[in-house]
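Notes to accompany the following structure.
Each value in this text was obtained by applying a stated rule to the coordinates, not by laboratory testing. It should be emphasised that the depicted structure is a prediction, and the values quoted were computed from it without experimental measurement. Note that each Cβ is placed from the backbone with ideal geometry, even for glycine, and that neighbours are counted across all protein chains shown.
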Amino acid sequence: MARKKIIAGNWKMNTTASEAAALAKDVVGAVSGAADVDVVVCPPYVNLSAVAEAIKGSNVKLGAQDVHWEAKGAFTGKVSCDMLKAVGVDYVIIGHSEQRQYFGETNETVNKKTKATLAAGLIPIVCVGETLEERESGKMDGVLESQTKGGFDGISAADAAKCVVAYEPVWAIGTGKTATSQQANEAHIFIRSILSKLYGTDTAGAIRIQYGGSMKPDNAKELLAQSDVDGGLIGGAALKASDFAGIVQPK
Ligand code: 13P
């Protein structure tokens, strides 16, 4: 099944509002010719409005880096799906390994956030990935299976088909160590096999699986050429429009 590629920039905790607007404008200019790929930028919460304004009328979509599952109330520091929608967000990154590592994200909270995001009509980008220790001790498959099953628990096939999954091996994030295209594809095939068991091959075949971890213009082409690599979730290289564009349209 042909899956449209999706390249998303996760800006993490970088950019002030003016820097974000400038970067977004540069991205819009640099990727304007990319018709056959979905392009998303995910700035920090406080810069979503500035970036929404900067990408208006372009082929670039807006994403958030996290969300809270409750609709409103006494949850200091948190932001709801409706708040994100109101500023023009279409995508939400959920369960990033930095959230899991530093901020207590669990498969259960990933699941709640994914359900809330789908109920609000937003598209979740559900992140999974093993640490180096887990890979080297043979636990990788078990970790990917429990993160995928946990994240999608109780979600219907129709809703699952709308989701994006991001495979981000923790050891490749921000380290300059990219998974080889073969390692990435093997993991993606494995994740799709889990989704197949949950939802059948048609739905699993429709779900896009991005690779994330030191993806750059010079390795993007080979990674994106793999059978089950349907895009990228880009950290460092998303902070420079020309690098990001070089991943969106790799040479
Ligand atoms: P890097 O591209 O900087 O390795 O980050 C990947 C990532 O964590 C994207 O969410």
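Net charge near residue 227: determine it from the other residues with C-beta under 12 Å of the C-beta of residue 227, scoring Lys and Arg +1 and Asp and Glu -1. Mind dumping the intermediate values first?
Details: positive: 3, 192; negative: 186, 228, 230.
Surrounding charge for residue 227 is -1.
How big is D for region 21-70, in µm² s⁻¹ as a whole number, if Stokes-Einstein is applied with the Kirkwood radius of its Cα pairs at 10 °C and 1.306 mPa s? If you can, show how the numbers build up before the last one.
Details: Rh = 11.3 Å.
Estimated diffusion coefficient is 140 µm²/s.
Ranked from highest to lowest mean number of other Cβ atoms within 10 Å per residue, what is the order of the peptides 9-22, 204-217? Numbers along the way, then the final one.
Details: 9-22: 17.8, 204-217: 22.6.
Peptide ranking by packing, descending: 204-217, 9-22.
Output ³J(HN,Hα) for region 82-90: one whole-Hz value per residue in order, computed from phi by the Karplus curve 6.51 cos²θ - 1.76 cosθ + 1.60 with θ = phi - 60°, and x for Gly and Pro.
Values, residue by residue: 4, 5, 5, 4, 5, 9, x, 6, 10 Hz.
In the chain, if the dipole is taken from +1 on Lys/Arg beta carbons and -1 on Asp/Glu beta carbons about the Cα centre, which of 46, 29, 160 is farthest to the positive end?
29
Cα atoms only: what Rg and Dmax, in Å, come out for region 162-251?
Over region 162-251's Cα set, Rg and Dmax evaluate to 13.0, 40 Å.
Students often get this wrong, so check it: of 72/113; 5/61; 56/221; 112/216; 162/216; 61/115, which have C-alpha atoms separated by over 23 Å? Show your work: numbers first, answer last.
Details: 72/113 14 Å; 5/61 14 Å; 56/221 28 Å; 112/216 32 Å; 162/216 26 Å; 61/115 21 Å.
Result: 56/221; 112/216; 162/216 exceed 23 Å.
Across every pair of different alpha-carbon atoms, what Kirkwood hydrodynamic radius in Å does region 44-167 reach?
Values: mean 1/r = 0.0658 Å⁻¹.
One decimal place: 15.2 Å for the Kirkwood radius.
Using a cut-off of 13 Å between beta-carbons, work out the net charge of the residues near residue 28 (Lys and Arg +1, Asp and Glu -1, residue 28 not included). All intermediate terms of the calculation are to be shown ahead of the outcome.
Working: positive: 25, 56, 61; negative: 26, 53.
Residues near residue 28 contribute +1 overall.
Treat every Asp and Glu Cβ in the chain as -1 and every Lys and Arg Cβ as +1, leave all other atoms uncharged, and give the resulting dipole magnitude about the Cα centre to the nearest 20 debye.
Values: 26 positive and 28 negative charges, 94 e Å.
Roughly 460 debye, rounded to the nearest 20.
How long, wide and thick is the chain, going by the Cα atoms along their three principal axes, in whole angstroms, largest first?
Each principal axis gives a Cα extent; for the chain these are 48, 45, 33 Å.
5 Å is the cut-off here: which amide hydrogens, built 1.01 Å from N in the peptide plane, fall below it relative to residue 166, excluding neighbours closer than 5 in sequence?
126, 127, 128, 210
What does the charge count around residue 15 come to, taking other residues whose C-beta lies under 13 Å from its C-beta (Lys +1, Arg +1, Asp -1, Glu -1)? It would help to have the intermediate numbers written out before the result.
Numbers: positive: 12, 25, 240; negative: 19, 26.
Around residue 15, the charge tally is +1.
Over the Cα atoms of region 94-223, what Rg and Dmax result, in angstrom?
14.0, 39
If packing is taken as the average number of other Cβ atoms within 10 Å across a peptide's residues, how do 230-239, 129-138, 46-55 rank, most packed first? Before the final figure, lay out the partial values.
On the way: 230-239: 24.1, 129-138: 15.8, 46-55: 19.7.
Order by mean packing, descending: 230-239, 46-55, 129-138.
Highest first, please rank the peptides 113-119, 169-175 by the mean number of other Cβ atoms sitting within 10 Å of their residues. Spell out each step's value before the answer.
Numbers: 113-119: 21.4, 169-175: 18.9.
In decreasing order of mean packing, 113-119, 169-175 become 113-119, 169-175.
Which whole-number percent of Cα pairs in region 18-101 have a distance greater than 23 Å? Write down the numbers at each step before the final one.
On the way: 874 of 3486 pairs.
Across region 18-101, Cα pairs with separations above 23 Å total 25 percent.
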